[in-house]
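Where a number appears in this text, it was derived from the coordinates with a stated rule and is not lab data. What you see is a predicted model; the values in this text were computed from it and never measured. Ideal geometry is used to build each Cβ from the backbone, glycine not excepted, and the neighbour counts take in all protein chains shown.
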Amino acid sequence: MNPFGPDLAEVFGPSHSDGGPELVQLLTPEGERVHHSGPGGQFDLDFTPEQLRGFYRDMVLVRRLDVEATALQRHGELGIWAQLLGQEAAQVGAGRALRPQDFVFPTYREHGVAWCRGLDPLKLLGLFRGVDHGNWDPAEVNFGLYTIVIGAQCLHATGYAMGMQRDGVVGTGDPERDAAVVAHFGDGASSQGDVNEAFIFAASYNAPVVFFCQNNQWAISEPIERQSRIPLYQRALGFGFPGVRVDGNDVLATYAVTQAALQRARDGQGPTFVEAYTYRMGAHTTTDDPTRYRLSGDVESWKLKDPIARVEAYVKRNGLADAAFFEEVAAEADELGVRLREGCKALPDPQPLSMFDHVYSDMPEELLAQREGFAAYLESFEGAR
Amino acid sequence: MTGSSQKITLAKGLNMGLRKAMEADDKVLVMGEDVGKLGGVFRITDGLQKDFGEDRVIDSPLAESGIVGTAVGMAMRGYRPVVEIQFDGFVYPAYDQIVCQVAKIQYRSKGRVPMPMVIRIPFGGGIGAVEHHSESPEAQFAHTPGLKVVACSNPVDGYWMIQQAIACDDPVIFLEPKRQYHADKADLDDTATPDPLFASRVVRQGTDVTVLAYGPTVKTALKAAEAASNEGRSLEVIDLRTLSPLDMAPVYDSVRRTGRAVVVHEAHVNLGMGAELSSRITEECFYSLEAPVLRVGGFDTPYPASRIEEDFLPDLDRVLDAVDRSLGF
């Protein structure tokens with residue numbers, strides 16, 4: 001070994017392609033429940049059959065949402081769609097670990113977390129259809145608007161967490177009161193200045209924020225090796241807070257680790273970095289073509305780690321759900337698909353003049369004049385509405 | 001102090017205004033580099049941390065994007081952050097957060113997430129500083145929908161305008177002419193009723209040429225008007241005070257009377273505020289104009305080394321030169 005540290009081959013080579021020895025895993029790809037004595041042991045939890053069925057249902061419905069949205073884009077009903085295929089467990093695990101009073105700052109791919117927060121998926125479709133920039137009230141669902149600029153939301157999350165500290169909702173010991181924030185981002189964003197500044201600020205003020213990084217191995221066409229020379233979770237140490245790598249395709253482990261990190265934050269013990277080790281099975285977005293830059297063999301090997309299949313195998317093998325349950329979930333997914341297809345096409349286009357709304361809390365005279373001028377212009381056409 | 005008149009500098013006016021705003025609303029937070037114990041490199045936040053505590057007057061890590069980005073989060077949580085950028089030339093690391101987030105979150109959210117934030121920026125030159133300490137970036141913010149941009153020019157305005165900016169529900173870029181911080185004193189009557197924040201003001205009446213200025217150049221314009229009056233020329237000086245939105249009614253009214261306008265700012269002339277003002281005046285006052293609108297500003301060079309900065313900055317003579325050219329048409 002190089003006396004100055006590992007080289008890329010050691011960090012990202014074949015021996016680490018499964019996430020390495022530090023990976024926290026509670027359910028193997030084969031659907032086998034594992035209990036660690038070493039790393040990850042402290043995160044082990046008991047799950048009720050109801051919880052397991054809930055995870056399964058969430059992941060199936062979220063995958064269906066993703067599949068439908070992708071199809072809607074192919075049919076020209078959406079301008080673009082950011083696919084989450086393969087990341088269902090990371091998002092559902094992180095989403096279900098939240099308490100109602102926690103707050104989430106998403107990227108543009110957190111459809112599974114949005115689902116867990118009870119946000120109507122049609123709101124997500126509205127954004128990607130281009131009828132608005134996100135037509136939901138963040139305060140209603142404690143889920144921020146999608147942020148397109150990579151990493152910018154990590155600072156917002158940190159500031160929001162600093163606000164929680166000032167509101168006295170951190171470290172009181174009251175489980176109904178204590179709250180924390182989750183900042184979502186990806187492996188590509190880990191290179192952004194804003195993300196690193198968020199780490200600095202969160203550490204400096206001991207802010208109650210969980211930095212939840214879905215390392216899906218690809219930032220559009222750039223592999224993780226282009227972003228980092230060490231496993232991402234190890235960066236946390238340099239900022240002065242703990243980092244954990246969890247199997248992001250294992251919903252149980254993701255739930256357990258996120259829950260522990262959130263509790264740590266709510267208790268006033270500060271930030272945690274969670275690296276959910278996963279894989280982007282689809283394209284970056286529907287405009288992307290991953291066949292240009294990655295090997296199909298890699299995708300095939302990750303198919304064997306599918307997040308839904310392992311829960312299904314575990315539940316079936318242990319008799320935790322009957323056939324009727326799986327049929328119900330499948331039917332529910334079909335209903336969701338119909339609702340999304342019909343709902344998406346029925347979303348009304350905004351009126352042109354609505355573009356002038358909410359630029360400011362009040363409308364300055366100059367802008368009002370522009371609006372009135374444009375309204376008169378539109379009306380000047382024959383047959384204008 | 002209440003009700004009594006006192007002589008204050010711009011620095012003192014801003015400090016007093018910040019204090020009043022913090023007393024009036026405990027959601028008001030001050031955040032920036034060195035704003036706590038030190039009171040800011042210009043001492044604008046002097047004594048605030050001592051009186052309001054470290055939770056409300058926050059010394060930040062040295063990262064401008066981090067300051068503005070976390071302030072966004074605090075605003076989402078219901079606070080009203082007042083951010084200090086130490087010098088104009090240091091705002092650029094935060095430019096993305098300001099333009100992409102601060103300016104757009106209210107719009108993106110259909111008004112559901114207001115962004116009541118004030119970003120204070122000491123701007124302009126004339127203090128003999130090294131590079132990045134003397135710039136005038138106002139046009140870069142005035143060009144961005146969603147931001148409001150104001151510039152104070154005197155101690156009394158500093159006192160009132162900072163309070164009004166903090167009370168505003170929109171994000172406000174608040175420009176402070178750093179050269180004036182400790183320069184002149186003025187009488188503050190804190191029982192007076194201030195002008196609205198987003199309003200321009202005629203600060204000297206005249207009949208021959210309208211001179212438009214803001215921030216540090218208001219003083220320059222007033223000096224020029226004084227000098228011109230000795231030569232029998234009557235300049236009307238308008239302190240614009242608000243750069244976005246612009247308050248054009250007093251400007252149009254003035255130019256329709258004088259038929260001539262000269263815009264004075266320290267910022268580069270190319271695509272600066274003067275270009276927009278000139279365009280609007282031409283569109284609205286075309287038949288009243290006796291001469292094209294002229295601009296006096298910083299040259300289209302980077303800010304030069306300070307030993308020649310007075311040659312870069314518009315001064316009394318360059319304003320008068322433009323006035324002569326305007327009257328020569």
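Remark: spin-label model distance residue B:301-residue A:44 equals 7.3 nm, labels positioned 7 Å along the Cα→Cβ axis. Look at the Cα gyration tensor of the range B:105-196: its axes a ≥ b ≥ c give a/c of at least 1.5 with a/b at or below b/c, and that counts as oblate. In this simple spin-label model, placing a label point 7 Å from the Cα along the Cα-to-Cβ direction at both residue B:223 and residue A:18 gives a separation of 7.7 nm.
Available extension along the chain between residue A:51 and residue A:74 is 4.8 nm, counting 0.36 nm per residue and deducting the alpha carbon span. Note the angle between two axes, namely the Cα long axis of helix B:316-328 and the longest principal axis of the Cα atoms of chain B, as a number of degrees from 0 to 90, rounded to the nearest 10. Compared with the principal axis, the helix lies near 40 degrees. If you take every DSSP beta bridge whose two residues both sit in the range A:16-346, what share of them, in percent to the nearest 5, is antiparallel? Roughly 10 percent of the beta bridges in the range A:16-346 run antiparallel, per DSSP. When the Cα gyration tensor is reduced to axis lengths a ≥ b ≥ c, the ratio a/c is 1.5 or higher for chain B, and with a/b above b/c it is classed as prolate. Which angle between 0 and 90 degrees, to the nearest 10, do you get for helix A:365-379 versus the longest principal axis of chain A when only C-alpha atoms count? Roughly 70 degrees between the two axes. The sum of -39500 (n - 2.57) across all DSSP H runs of n ≥ 4, divided by the residue count of the protein assembly as shown, sets its helix-only mean residue ellipticity at 222 nm to -11500 deg cm²/dmol. Shape summary of the range B:201-328, radius of gyration then Dmax from alpha carbon positions: 13.5, 43 Å. Placing unit charges on the Cβ atoms of the charged side chains and taking the dipole of the protein assembly as shown about its Cα centre, the candidate lying farthest along the positive direction among A:141, A:302, B:314 is A:141. Axis angle, to the nearest 10 degrees, between helix B:273-285 and the longest C-alpha principal axis of chain B: 50 degrees.
For chain A, a Gaussian network of Cα nodes joined below 10 Å ranks A:264, A:226, A:129 by mean-square fluctuation, and the top entry is A:226. Under a 5 Å amide H cut-off, with hydrogens placed 1.01 Å from N, residue A:44 pairs with nothing among residues at least 5 apart or on other chains. Dimensions of the protein assembly as shown along the principal axes, based on C-alpha atoms and rounded to the nearest Å, stand at 99, 67, 51, largest first. Computed from the C-beta positions of residue A:287 and residue B:130 and an R0 of 41 Å, the FRET efficiency is 0.35 to the nearest 0.05.
Between residue A:267 and residue A:226, the C-beta separation translates, for a Förster distance of 45 Å, into a calculated FRET efficiency of about 0.80.
For residue B:296, the amide hydrogen comes within under 5 Å of the amide hydrogens of B:263, B:264, B:265, counting only partners 5 or more places away or on other chains and with H modelled in the peptide plane.
Label positions at residue A:148 and residue B:287, each projected 7 Å from the Cα along the C-beta direction, are separated by 4.4 nm.
Taking a ≥ b ≥ c as the square roots of the eigenvalues of the Cα gyration tensor of chain A, is the shape rounded (a/c under 1.5), prolate (a/b larger than b/c) or oblate? Prolate shape, in that a/c is at least 1.5 and a/b is the bigger ratio.
Dipole magnitude for the protein assembly as shown: about 320 debye, using +1 per Lys or Arg Cβ and -1 per Asp or Glu Cβ, origin at the Cα centre.
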